[in-house]
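The values are calculated or read from the model by the stated rules, or taken from the named source; none is laboratory data. This structure is a prediction, so every number in the text was calculated from the model and none was measured. Cβ sites come from the backbone with ideal geometry, for glycine too, and all protein chains shown count toward neighbours.
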Amino acid sequence: MRAFEIMVYRQVKRFLRARSRVAGMIINPLVWLAFFGIGWSNAFRDTSIFGGVDYLTYLSPGIFAMTVFNQSFVSGISVIWDREFGFLKEVLVAPASRKETIAGRIFGDSAVATLQGAIILSLTFFIAKINLLGVISALGVGFVLAVAFSSFGVSIAARMRSMEGFQMIMALVMLPLIFLSGAIYPIAFMPSWMKALALANPLTYAVEASRVLLTGVSGIFPLYQSLLILLILTAVMLYIAMVSFERSTVE
Amino acid sequence: MGKRMYAIEVENLVKKFGDFEAVKGVSFKVRKGEIFAFLGPNGAGKTTTVHILTTLLKPTSGKAIVAGYDVVKDAKEVRKRIGIVFQDPSVDRDLTAYENMLVHGGVYGLRGRELKEKIEELLKFVELWEFRNKLVKYFSGGMQRRLEIARSLLHHPEVLFLDEPTLGLDPQTRAHVWSYIEAMREEQEMTIFLTTHYMEEAEKLADRVAIIDHGRIIADGTVEELKKLVGGDVIYLKVEDGAECFETDFGSCVVLPDGRIRIDVSNASEAIPRIFEAAEKEGIKILEITYHRPTLNDVFLHLTGREIRDEGGNLMKGITKARMRR
Ligand SMILES: Nc1ncnc2c1ncn2[C@@H]1O[C@H](COP(=O)(O)OP(=O)(O)O)[C@@H](O)[C@H]1O
Ligand SMILES: [Mg+2]
């Protein structure tokens, strides 16, 4: 377990060092909340489409999940930088289990992403009606979500040979997955082809679950069902990441 | 284990990248406790060989035993017993020197007091203890190298690989790193496999040297043995108009790209008067004559007709190599 532990330590340490980068990551969701959220919440007079809450309250759990998702996906994919700057080779020549090492990195990144989600969440208290009792469980959901998407990032990074495809992957993955998750508008009103895509998106289940926990608004699934699906998808994604990393070489 | 004589045994190792053969069947043995150097120009296949021996790359064919274990079949056992300083920097720039050591130790399963003591000892050894809490991104190239050396020693490797340990360092820092490597051999009973394209480095540090070029070992032995391949001394001549190897009978003669003529002789003090005689007979005017004991660069030149330092290979085109009639 030592390699797991030390990788968690490394990721958290590096995060604490990079405070300016942290500020940069938090600005993005704040812009969403302030300009997108407040702007639309005055336009949407009819709260029934959002399960009876105002739009800002509806949006807040979505922005929380989005923050965790963005952060964890980017840190997962940054395994490419580790390759570029040699740390990966260090890990690959060590006798420690590669599965364990990468799992440590993923969990460390997830702790960091959850912490950033928590910062955003605490800011939403001032503008939305958040159920305080749900916060701890919502952070738990955030952590599972983070494990899912740092794993996804690692699996992609393990297959990428250079930084070239990076921009394309970001454009292809980040925004579409957010729009297809119910974070910003309800899945119930999506056309059926879009709904099908949303149901295949792990982010959807995290958004649904944290919205129930934080605002009491339920979407298309009951809470236990969202949680179960999220956990299963996360376990699968973590396993794929561990296997992809184990097979990666310096070639 | 104690009786094993060789730290590394390599037989007919081949590595292909697609159609390109980077390592073309090399074989060599490194004795326990010695410093063995792979000397060769850029692109010779040194790093590829190191990556195979350290289990990072799979060989296309051939066999390699490191610290008693097969690098393909028993990769994990090999990994437990080796340390490596990569050619390219591999430090964690966002961590301090101390944290870099801590993380490395952790990845090797070390912890607690033992680890802390070892980190202190090694950071002191490479004279970085006072900078232990500084972020590595503010370190100079030489300091980063020293940190990497300290880090590679943390888990007591039996065999240490140093891939171009002084690449890109200034001469003073290079000498500094050499002194650590020499101290390492003295203090820790370790086998060191070193690659370099600096012949001075191989000459200074290595007990035995293998010269590698285009994926093949073209000679190996002690530095003295290799120099004997050239003969006794090396004479350089500068002559008036048109350098050409003229009729002599004492050794091989090469015209260098810079227009000088190089002659390998067994004894320079005897050969020089005869060279003057021969030149006079041919009507060639000698402007300058120097000689020295052969260096490893002369050995490389002797074997390949190229100099190690000429990296691109374009400079070689003009070389004419002529064997003198005996
Ligand atoms: N991953 C790779 N793919 C294709 N060619 C490679 C790869 N790695 C090295 N090579 C080629 O193999 C040859 C030997 O490279 P290398 O072992 O790095 O040489 P050296 O370390 O002696 O400078 C070079 O021609 C290099 O371009
Ligand atoms: Mg190299």
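Exactly one condition in (1) surrounded by fewer than 21 Cβ atoms within 10 Å (Cβ to Cβ); (2) within 14 Å of chain B (Cβ to nearest Cβ); (3) β-branched (Val, Ile, Thr) is false for A:Val135; which is it?
(2)
Before we move on, is B:Lys63 more than 10 Å from every other protein chain (Cβ to nearest Cβ), away from ligand 1 (no atom under 11 Å from the Cβ) and touching a Phe, Trp or Tyr at 6+ places or on another chain (Cβ under 7 Å)?
Considered against the rule, which asks whether it is more than 10 Å from every other protein chain (Cβ to nearest Cβ), away from ligand 1 (no atom under 11 Å from the Cβ) and touching a Phe, Trp or Tyr at 6+ places or on another chain (Cβ under 7 Å), B:Lys63 comes out as no.
Determine which member of the set B:Val50, B:Val10, B:Val30, B:Val26 is within 16 Å of ligand 2 (Cβ to nearest atom), under 18 Å from B:Gly221 (Cα atoms) and at pLDDT 95 or above.
B:Val26
Take B:Thr55 and decide whether it is more than 14 Å from ligand 2 (Cβ to nearest atom), within 29 Å of B:Lys137 (Cα to Cα) and within 14 Å of chain A (Cβ to nearest Cβ).
yes
For the list (1) within 8 Å of chain A (Cβ to nearest Cβ); (2) within 16 Å of ligand 2 (Cβ to nearest atom); (3) crowded, with 17+ Cβ neighbours inside 10 Å, I need the number of the one condition that B:Val85 fails.
Every condition holds for B:Val85 apart from (1).
I'm trying to understand the selection: among the residues of segment B:33-47, which are among the small types (Gly, Ala, Ser) and within 16 Å of ligand 2 (Cβ to nearest atom)?
At the first step, the residues of segment B:33-47 found to be among the small types (Gly, Ala, Ser) are B:33, B:37, B:40, B:43-45.
Hits for segment B:33-47 are B:Ala37, B:Gly40, B:Gly43, B:Ala44, B:Gly45.
Filter segment B:35-55 down to residues that are near ligand 1 (Cβ under 6 Å from one of its atoms) and outside any loop (DSSP other than H, G, I, E, B), then give me how many there are. Steps first, answer last, please.
First, pick out the residues of segment B:35-55 that are near ligand 1 (Cβ under 6 Å from one of its atoms): B:40, B:42-48.
Cutting the leftovers down to outside any loop (DSSP other than H, G, I, E, B) gives us B:46-48.
Matching residues across segment B:35-55 total 3.
Yes/no per residue for (1) among the basic types (Lys, Arg); (2) more than 23 Å from A:Met163 (Cα to Cα):
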| site | (1), (2) |
| --- | --- |
| A:Arg45 | yes, yes |
| A:Gly62 | no, yes |
| A:Ser78 | no, no |
| A:Arg83 | yes, no |
| A:Phe87 | no, no |
| A:Ala94 | no, yes |
| A:Gly104 | no, yes |
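Could you please find all residues in segment B:177-196 being away from every other protein chain (no Cβ under 14 Å) and within 16 Å of ligand 2 (Cβ to nearest atom)?
Across segment B:177-196, the qualifying residues are B:Leu194, B:Thr195, B:Thr196.
Quickly run through segment B:69-82 and pick out the residues that are of a type in the set (Lys, Arg) and more than 7 Å from chain A (Cβ to nearest Cβ).
Passing the criteria: B:Lys73, B:Arg81.
In segment A:91-132, which residues are among the small types (Gly, Ala, Ser) and within 14 Å of chain B (Cβ to nearest Cβ)?
Step one: list which residues in segment A:91-132 are among the small types (Gly, Ala, Ser), which gives A:94, A:96-97, A:103-104, A:108, A:110-111, A:113, A:117-118, A:122, A:128.
Those that are among the small types (Gly, Ala, Ser) and within 14 Å of chain B (Cβ to nearest Cβ): A:Ala94, A:Ala96, A:Ser97, A:Ala103, A:Gly104, A:Gly108.
Specify the residue that is surrounded by the fewest Cβ atoms within 10 Å (Cβ to Cβ); the eligible residues are those in segment B:14-63 that are of a type in the set (D, E, K, R) and within 19 Å of the chain's Cα centre (by Cα).
B:Arg31
Can you tell me which residues in segment B:159-169 are buried (at least 20 other Cβ atoms within 10 Å of the Cβ) and either over 18 Å from B:Thr195 (Cα atoms) or within 14 Å of chain A (Cβ to nearest Cβ) (or both)?
Scanning segment B:159-169 gives B:Val159, B:Leu160, B:Phe161, B:Leu162, B:Asp163, B:Glu164.
Yes/no matrix, rows are residues, columns are (1) within 14 Å of another protein chain (Cβ to nearest Cβ); (2) crowded, with 24+ Cβ neighbours inside 10 Å:
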| residue | (1), (2) |
| --- | --- |
| A:Gly52 | no, no |
| A:Pro61 | no, yes |
| A:Met66 | no, yes |
| A:Phe85 | yes, no |
| A:Lys89 | yes, no |
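Are any of the residues in segment B:147-154 assigned to a helix (DSSP H, G or I), more than 22 Å from B:His197 (Cβ to Cβ), among the basic types (Lys, Arg) and touching a helix residue (DSSP H, G or I) at 6+ places or on another chain (Cβ under 9 Å)?
Yes, segment B:147-154 has at least one match.
Can B:Arg174 be described as more than 16 Å from ligand 1 (Cβ to nearest atom), of a type in the set (Lys, Arg) and touching a strand residue (DSSP E or B) at 6+ places or on another chain (Cβ under 7 Å)?
Details: more than 16 Å from ligand 1 (Cβ to nearest atom): yes; of a type in the set (Lys, Arg): yes; touching a strand residue (DSSP E or B) at 6+ places or on another chain (Cβ under 7 Å): no.
The answer is no for B:Arg174.
Among the residues of segment B:136-154, is there at least one that is surrounded by fewer than 22 Cβ atoms within 10 Å (Cβ to Cβ), within 16 Å of ligand 2 (Cβ to nearest atom) and under 18 Å from the mean Cα position of the chain (by Cα)?
no
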